[in-house]
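Single-structure report; data block below.
The values are calculated or read from the model by the stated rules, or taken from the named source; none is laboratory data. Just so it is clear, the model here is predicted, and its values are computed rather than measured. Glycine also receives a Cβ, built like all others from the backbone with ideal geometry; neighbour counts cover every protein chain displayed. The accessibility values were calculated without ligands, DNA or RNA, using every heavy atom of the protein model including side chains. Shrake-Rupley method; radii C 1.70, N 1.55, O 1.52, S 1.80 Å.
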Amino acid sequence: MIKILGKLILTMFNIGKLGNFPGTIASAVTSLLYIVFFYLKIHYLTLFLIFFLLLLVSIYFINFLKNEFKEVDSKEIVIDEYLGQSIPILFFYVILFEASISTNFFMVIVLISFVGFRFFDILKPYPISYIDRNYKNGFGVIFDDIVAGIFTTIVLYIFIIIYDKF
């Protein structure tokens, strides 16, 4: 039973088994989930709690179920995309939640963060590439996407500051 639950979490309820681009699909689903959460006004503290629980559980399950997948960082494992994509979205979610902005504006931020996260996750500039190559465990599988999410947040924040100046 624990293996089934672990596989469901790691594959985001089998989203990781869809198509040729499961990471992109998982990032898109994550983005859509956050738009729904924002529309429903789910408080960001609830989302942070879910994020941290999934972070800990995912690292554990990747290590625990390493023999259940073809490789440690299998394409089927897409919970790392959820966690990495969540970083920039949650950052702006917190800022915009209290600002009472429209869901449409939030959707634009989410779309830009989706594109940015996929850019960093696919190209893997340093140190993302280093983590991806050298840490073949639950921590490494998750952490390279966390760093991609942090890069996305920084770049998007800089663009917003520059845009605001003009």
With unit charges on the beta carbon (Lys/Arg positive, Asp/Glu negative), name the residue among M1, S129, F139 whose Cα is farthest towards the positive pole of the charge dipole of the chain.
M1
Run the numbers for Y39 and L56: contour at 0.36 nm per residue of separation, minus the present Cα-Cα distance, in nm.
3.4 nm
Loop-located trypsin sites (Lys or Arg not before Pro) in region 27-117 whose Cβ has at most 12 other Cβ within 10 Å (DSSP)
K41, K70
Could you report the chain's accessible area per residue, 1.4 Å probe, as an integer in Å²?
56
What distance in nm separates the simple spin-label points at E71 and F48, each placed 7 Å from Cα in the Cβ direction?
3.6
Could you tell me the calculated FRET efficiency between F139 and N20, based on Cβ-Cβ distance and R0 = 25 angstrom, to the nearest 0.05?
0.40
Output wanted: per-residue J couplings in Hz (rounded whole) for region 44-57, from phi through Karplus 6.51 cos²θ - 1.76 cosθ + 1.60, θ = phi - 60°, x for Gly and Pro.
5, 5, 4, 5, 5, 4, 4, 4, 5, 5, 5, 4, 5, 5
From phi via Karplus (6.51, -1.76, 1.60), per-residue ³J(HN,Hα) for region 141-155 in Hz, x at Gly/Pro
4, 7, 5, 5, 6, 4, 5, 4, x, 5, 4, 4, 4, 4, 5
Per residue of region 107-124, in order, report the coupling 6.51 cos²θ - 1.76 cosθ + 1.60 (Karplus, θ = phi - 60°) as ³J(HN,Hα) in whole Hz, putting x for Gly and Pro.
4, 5, 4, 5, 4, 5, 5, 4, 4, x, 5, 4, 4, 5, 5, 7, 6, 6
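When the helix-only estimate is applied to the chain (DSSP H runs of n ≥ 4, each -39,500 (n - 2.57), divided by the residue count), what is the mean residue ellipticity at 222 nm, nearest 500 deg cm²/dmol?
On the way: 7 runs with 123 residues, N = 166.
Theoretical 222 nm ellipticity from helices: -25000 deg cm²/dmol.
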Label-point separation in nm, K165 to I122, each point 7 Å along Cα→Cβ
2.9
FRET efficiency, S100 to Y157 (Cβ-Cβ, R0 22 Å, nearest 0.05):
0.60
Could you work out how far the C-alpha centroid of region 128-154 sits from that of region 7-73, in angstrom?
15
Which cross-chain or sequence-distant (5 or more) residues have an amide H under 5 Å from the amide H of T11, H modelled 1.01 Å from N in plane?
V78
Fraction of accessible area attributable to carbon and sulfur, the chain (%, probe 1.4 Å):
72
With a ≥ b ≥ c taken as the square roots of the eigenvalues of the C-alpha gyration tensor of region 1-69, please select rounded if a/c is under 1.5 and otherwise prolate if a/b is larger than b/c or oblate if it is not?
oblate
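Do any trypsin sites (Lys or Arg not before Pro) in region 104-149 lie in a loop, going by DSSP, with at most 15 other beta-carbon atoms within 10 Å of their beta carbon, and if so which?
K136
Just how large is the dipole of the chain about the Cα centre, in debye to the nearest 20, putting +1 at every Lys and Arg Cβ and -1 at every Asp and Glu Cβ?
Working: 12 positive and 12 negative charges, 48 e Å.
It comes to approximately 240 debye.
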Over the Cα atoms of the chain, Rg to Rh with Kirkwood Rh, two decimal places?
0.98
